[in-house]
1. More than 24 Å from residue 225 (Cβ to Cβ), among the basic types (Lys, Arg) and in the same structural domain as residue 240 (by TED's automatic domain parsing) - does that describe any residue in the range 314-324?
2. Considering only the range 324-340, how many residues are of a type outside the set (A, V, I, L, M, F, W, C) and more than 28 Å from residue 115 (Cβ to Cβ)?
3. I'm trying to understand the selection: among the residues of the range 206-233, which are assigned to a helix (DSSP H, G or I) and either touching a residue at least 24 places away in the same chain (Cβ under 8 Å) or of a type outside the set (A, V, I, L, M) (or both)?
4. List the residue pairs whose Cβ atoms are under 8 Å apart, where the first residue sits in the range 189-205 and is in the same structural domain as residue 387 (by TED's automatic domain parsing), the second is among the small types (Gly, Ala, Ser) and surrounded by 21 or more Cβ atoms within 10 Å (Cβ to Cβ), and the two are 6 or more positions apart or on different chains.
5. Hey, any hits in the range 100-113 for a residue that's over 21 Å from residue 152 (Cα atoms), of a type in the set (Ser, Thr, Tyr), crowded, with 19+ Cβ neighbours inside 10 Å and not assigned by TED's automatic domain parsing to the domain that holds residue 358?
6. Of everything in the range 346-362, what is in contact (Cβ under 8 Å) with a residue 24 or more places away in the chain and aliphatic (A, V, I, L, M)? Give them in sequence order.
7. Mind listing whichever residues of the range 345-363 are more than 10 Å from residue 330 (Cβ to Cβ) and out of contact with any helix residue (DSSP H, G or I) (no Cβ under 7 Å at 6 or more places or on another chain)?
8. Scan (1) surrounded by fewer than 24 Cβ atoms within 10 Å (Cβ to Cβ); (2) under 30 Å from residue 190 (Cβ atoms); (3) out of contact with any helix residue (DSSP H, G or I) (no Cβ under 8 Å at 6 or more places or on another chain) for the single condition residue 230 breaks and write down its number.
Amino acid sequence: MPKARSPRKRKTPRNRKNSSLTIYIIVGLLCCALIWLIIHEPGKPSIKQSTTDIDGKAEQTQQTKAEKPAKDETEIDAAIRKAARELGVPDTSVKRKEKDHSVRYRIPLDRGKVDLLFSNMIVKGRVESAGGSLQKGREASFKHILSFAKSGLSREYEVELFYDPEVYPKVVKAKNIAIVVDDFGSIKGSLLEEFLSIDPNISIAIFPGMPYSEFTMQQAAMRKMEALIHVPMEPIGYPATDPGKDAILVQLSDSEIQRRIDKFIKELPYCKGINNHMGSLATTEHDVMQSVMNALRKHDKYFLDSRTSNVSVAYQVAQKTHLRAYQNQLFLDSPDISDATMQAKLDQITRLSNSYPNVIAITHCHNEAKLEYLKTMVQRLKEAGFNLVRVSELSAQNLPPI
């Protein structure tokens, strides 16, 4: 009888359990890779990038929308409105009126922040960048009126810039006055010492090339007083009236004017700016003043127009050159230093402070009598509530770039 076979054992695949786990892992990795490929499909940003781009596009759209002309308005309208915003004028205060083929804008300005000249330049610059051209401009009392046109447009545009206290409520501000004492460089001893001791916030202007010019500059710096270079410039009566050595004369070349300004600054480097001595002719010559401002800009110095001429263009040229610029508004010791003159000057300063946030005045250091006059003037100004400040501390005009 044949021997019974023992039942054959069924073979189980080795490491079956481990093989199944491996398959699951591979499938999982493939799924992850597929999801990654979907999310990072070429040409599509990630979720984080999309959010950033959406926010950026929204911001850009909002900005573009603000600068885009409204319905029935042109690029010139948009340029005018943009200029008004840069001048700090609320959109609701800009008035637009259309009649026949002309459009008139009335733009009210804040006297305490911008002046008419720069507002004029900003509007003109923006309109020209939009393809418009200035046809004419005229100046009335405390307003400028500009007329523009653009090739291809039948409309003409008129922009009226004016100060309006109704739009900008008057805020009680501190009354500031900067006093500049001219003609230092030749006085010394106790007279110099007493002038420099009146108040550290007084600014002084020093003639270059005088016996005590550098000494005075150093003494002022020790007291933290602000100093200017008192640059001689050609007066109307030249040569009978001599402004001094190395004066800025109208017949000088651009390079020679800049050389002389460079020389003065090298001699008196601590001075923060310059103002003109005499110059009733030089300050009326645009090209001469442009050469002066170009030299000052290289050295980051400011310009104070002493206003020895009512038709001076120096301040306007300095502003157009984007130079820090200031204007003298009155001479404290003119025509004399009597009590009556002092009272008249105090009244004038008070009136000016009602219209302007800052007042600048000039006086001189010639003798003891002028020293006592200035001491009393400073005391009375402080009693009247004025703050004495250095020229460079006067609040700068809030102006957009041109």
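The values are calculated or read from the model by the stated rules, or taken from the named source; none is laboratory data. The structure presented is a predicted model; accordingly, all values stated were derived computationally and were not measured. When we count neighbours, we look across all protein chains shown, and the Cβ atoms used for this are built from the backbone with ideal geometry, even at glycine.
1. yes
2. Kept after step one, since they are of a type outside the set (A, V, I, L, M, F, W, C), are these residues of the range 324-340: 324, 326-329, 333-336, 338-339.
Imposing the further condition that a residue be more than 28 Å from residue 115 (Cβ to Cβ) reduces the set to 335-336, 338-339.
Matching residues across the range 324-340 total 4.
3. First, pick out the residues of the range 206-233 that are assigned to a helix (DSSP H, G or I): 213-222.
Of everything in the range 206-233, those that are assigned to a helix (DSSP H, G or I) and either touching a residue at least 24 places away in the same chain (Cβ under 8 Å) or of a type outside the set (A, V, I, L, M) (or both) turn out to be 213, 214, 215, 216, 217, 218, 219, 220, 221.
4. 196/220; 203/178; 203/227; 204/220; 204/227; 205/227
5. Going residue by residue through the range 100-113, those that are over 21 Å from residue 152 (Cα atoms) are 106-113.
Now narrow it down to the ones that are of a type in the set (Ser, Thr, Tyr): none.
Scanning the range 100-113 turns up no residue that is over 21 Å from residue 152 (Cα atoms), of a type in the set (Ser, Thr, Tyr), crowded, with 19+ Cβ neighbours inside 10 Å and not assigned by TED's automatic domain parsing to the domain that holds residue 358.
6. Residues satisfying the conditions are 346, 349, 359, 360, 361, 362.
7. 347, 350, 351, 353, 354, 355, 356, 357, 358
8. Among (1) surrounded by fewer than 24 Cβ atoms within 10 Å (Cβ to Cβ); (2) under 30 Å from residue 190 (Cβ atoms); (3) out of contact with any helix residue (DSSP H, G or I) (no Cβ under 8 Å at 6 or more places or on another chain), the lone unmet condition for residue 230 is (1).
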